[in-house]
Structures are given as structure tokens and as C-alpha cells.
1. Report whether or not S90 is in contact with a Lys or Arg (Cβ under 8 Å, 6 or more places away or on another chain) and surrounded by 10 or more Cβ atoms within 10 Å (Cβ to Cβ).
2. Test W344 against the criterion of being surrounded by 12 or more Cβ atoms within 10 Å (Cβ to Cβ), under 28 Å from Y434 (Cβ atoms) and among the hydrophobic types (A, V, I, L, M, F, W, C), and give yes or no.
3. If I ask for residues that are touching a Gly at 6+ places or on another chain (Cβ under 7 Å), of a type in the set (G, A, S) and at pLDDT 75 or above, which ones from the stretch 112-148 would you list?
4. Scanning for something farther than 25 Å from P7 by Cβ, more than 26 Å from the chain's Cα centre (by Cα) and surrounded by fewer than 12 Cβ atoms within 10 Å (Cβ to Cβ), does the stretch 40-48 turn up at least one residue?
Amino acid sequence: MANWNLPTINSNYVTFVDELNNKIVDAGTIGFGSPINLPDHAIRFNRSTNIFEEWNLTTWVPKVIGVAGGGTGATDANTIRTNLGLGSMSTQNSNAVNITGGSITGVAFNASDITGGIIALARGGTGSSLSIQAPGTILMSNGAVVYFDTGINISQLNASNLVSGTVPAGRLAGVGILAAANTWTAPNDFNSVFNVNGGQITINGGYPTLMYINTVGGVNSHRVSLFNYLGDMYFQKWNDDGSLAANLWSLTGTGQMNANGAGVTNLNGSNIAAGVVAPQFLGAGAANSSTFLRGDGVWAPVAGGAAPTPIPSGMIAIFTTGCPAGWTRQSALDNRFPLGSTGWGSAGGSTSHYHDIGTMTTDNSGNHTHSGAGGQTDNPTTGFSFRNGNLETINVPSLDHRHNYSGGTTGGGGAHTHAITGARTNSENLYPPYLTVVFCQKD
């Protein structure tokens, strides 16, 4: 039967209804099935032992029903008798009852247990010792004792005083006899309940009709009959002239009922075992292929003209507003772009980046000459450096770059190199144009 840990918040609609209905069935049948994950103190009725039991998360413990709740308040016979106020007589045999004091009222006593003495007339006895007499003799009383006598001495019998026995049919005339066949030659009125226990009523000729006639102004204004013919039963209305006005309802021999059910109320839909209820009888509004029945009982059009399909739990969708009911905002996607993968949850990337420059050295093929009057050229004191991503000139003490000359032009042996060091370019944000949205996940 039911798993009492279900339904959960992630249960689909169909399984949610089934899981909830299973728990209702378990509760209504007091644990008739085999539910699992029951809560502590759950109650069931054990039908194999006819005992109420309570669940303590490990085993079922028998529950004792108190006297105030209609039980005995105990599980053993002695305590039960004590709780119910039963004395020692409740355990004594009928032939070994010991009564000391008190009185007995309303007790059926078996006279065969009297083995001696004579019960006085005032106590309901005969006041004398009697022996069985020949058939036909009767008991009579002279006011002091009861004795046997023949019935010939009894006179002025009042039949209303007969309370038992059977009067022979020969002593009856003009009356119906219960245990004999009777022929009724005149109408008979039954002003009380007419019961037929077993057997059947047979009417030879005509149709069996139960008719109610309401006479108004000497005219039979209303006639209604219950009519049975060839195994079919009809409840009919008749006109004053005896013609049939209408069949109000009928029950055929095959069990089919025909009637106008417009006035029938409080029908139980679970008892509908065949056929299909037309959509127009399920709710208010137009029922067609482009509408669905809402929870408030109204047929409404489907957005977009398509039938709704269940949304699986865990699905992520994009919204322009906050998450609707049944959805939760997926904050893990805030400030991130989704990237397809074989699994969920791996994060990476950065909103900005830069480029490392490292160390570079220029080529030493820098032969050139300088014109001058004599001596040597100055030692250059200007160099270059990358700073904040830009190439800048800097002053340095010496770059060891001189040219000796003795005449008008220096020699061409001016080969030298330039070392460039300096780290990296500036960090830049390279986002393309974007528009923020809200990512929501189906519960």
C-alpha cells in the first residue's frame, strides 16, 4: 500500500494524487494493507488477532481499550472481571453457585432443579402434591390448592382468553385459516403492513396492480399503479378514463432501469462503471478541443492554442520577471553564461584577462656610423620599458653604446642590443553586448 514518506515536494502530479490516495486508504482501513515508513504512534487493527496495535518505529504493540472507551482495560481475565465489576459468580458453574444473602430478581429458574418440598399457591405453586393424570384432565383451583379435573366442568369460556394452542378447523367457520388453503370471494382491506415471508403471491387473470386513487369531487383524478408484466416492472400514471398516461419509470427483467434522472442528487461519481461523462457536464463554459478544465471547474482556452503538457522537475527556463509558483530561482547562473556539457555544476571562466609580455631582446645587427670631428660619441642614457601595458622611454645611467672616430665619420661597428622587460598588458573586460534574464528551475 502507501509509502508514508511520500508524496514529496518533487512528486509529479499523477504520482502525487496516487500516493496521497494510498495514504487515505491506509487510514480509512486502519492499516489493512502493508504500508511502509509509518509515523511513530500509528494505529492499526490486526485482523488476524482482532487487536488494536500501536507502532513504535520498531514493532507493533497491542493497545488496551479502556472501560470508558468501551473496552475492558486489561488483557487478562482476572483484571478484566475486576475492571468490569464482575464478582465470583462470573466464574462459577451453574450447578455450583453459592449465594450468600441478597435477592434475585428477573432470573429465569429451571423448575427441574427443584427436588423436594411443595411450592405454596401464594408463591406460584399448586399448594399440593400432584401426579400426572389421564389426557383430557385439567388443572383447577379451589382457592387453597390446585388439583386435576376434567374439562367438562369448565363453562363460559371466553375465546379472548386463549393465549396459546391451536383451535381445530372444525371449530371455525367463515374465517381464513393460516395453515390451510383459503379462497377469497370478496374484497379484503389490509389497513396495516402486509408481509409475505417466503413463497409467492399468484394472481390468476388480469395484472397485479397496486393502485392509489385520490377522489376529488367524485372524480378519480389521480391513479398511479405498480405493474408487473412478463418480468418487467412499471410505475405508471393513469388517466381518469382508465387509459395509460405515462410510464414514470420501469425496471426490465434484465435489470435495466429507465427513468428521468433530472431530480436525482448526491450521486457518487465513483459508482459510474460504464460510459463517458460528456465534457459539457464537467464544468462551466465551452468544452472543445482548444479548452481545458481548470481547477475552479471552468473550461478555459489553453495559452497558444496547444494542450498543456507536464513540465518535468529540474527543468531550467528563462523568465523576464521573478520565478512563478512552483519554480525556484537558479542563483548559480547569476552573472554566468550557460555552457553545454555532459553533466551539471562545473563552473569556470573570468570576466576579464590580460597578456604577459615576458623578456625580449632585440637583434644586434645595428651597424651604423656617426659623423664628428674626433673622439667618441656620448654614451646613450635613454631606454624603453613597458609600463601599464604601454611602451615608454626611460632614463638609464648607461647603455654602453659609444662609437670611436678620428675624422669625419665613425666606423660602422656599432652592433648592440636592446633588452625589453616588463610584465604584462592591462586587464580588459571583453563582454559582448548582453541583456540580463532570470533563470528559474522547476520544483
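1. Yes, satisfied.
2. no
3. If the condition is that a residue be touching a Gly at 6+ places or on another chain (Cβ under 7 Å), of a type in the set (G, A, S) and at pLDDT 75 or above, then A120, A144 are the ones that fit.
4. No.
The values are calculated or read from the model by the stated rules, or taken from the named source; none is laboratory data. All figures in this text were calculated on a predicted structure; none of them were measured in a lab. In this analysis, Cβ positions are derived from the backbone assuming ideal geometry, glycine residues included, and neighbour counts consider all displayed protein chains.
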